[in-house]
1. In bins 10 Å wide, starting from 0, what share of all Cα pairs of the range 1-64 does each bin hold, as a percent?
2. Quick check on packing: order 38-49, 79-90 by the mean number of other C-beta atoms within 10 Å, highest mean leading.
3. Per 10 Å bin from zero, what fraction in whole % of the C-alpha pairs of the range 6-129 is there, up to the bin with the longest pair?
4. Compare the peptides 96-104, 9-17 by average per-residue count of other Cβ atoms within 10 angstrom and give them in order, highest first.
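Derivation of every value follows stated rules applied to the coordinates shown; laboratory data play no part. Note that the structure is predicted; figures quoted are calculated from it, not measured. For neighbour counting, all protein chains shown are included, and Cβ atoms are generated from backbone atoms with ideal geometry for every residue, glycine included.
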């Protein structure tokens, strides 16, 4: 799938022993070496969180390698909520809220990599706390 913000957009919704999880990955048009991942799932404290991270992608010896550096790469807690139950519908609804903001997400990622020292301040980490 391809749209205005990226290509190879894939979304999956799975149920594991930890509960429902929605995950979307795509390569932004403005940088083919980065992969944006949006994940919505139950956290350890039983809240529902949507996180966004960016990894660097390279091909070596015909294999694709994905690398994420916790201290340097973009990572943000995009949304946080505390529903009574973390059902498939709750996960899907919160994940859709993040997907509705793909343009903003790509813009923030682009700005972050222009100046990584100032972009991930703690006061900017939660966009839509509920």
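1. Histogram of Cα-Cα distances, whole percents per bin: 19, 42, 28, 10, 0.
2. Values: 38-49: 16.4, 79-90: 14.8.
Descending packing order for the listed peptides: 38-49, 79-90.
3. 12, 43, 34, 11, 0
4. Numbers: 96-104: 15.0, 9-17: 10.8.
Top to bottom by mean Cβ count within 10 Å: 96-104, 9-17.
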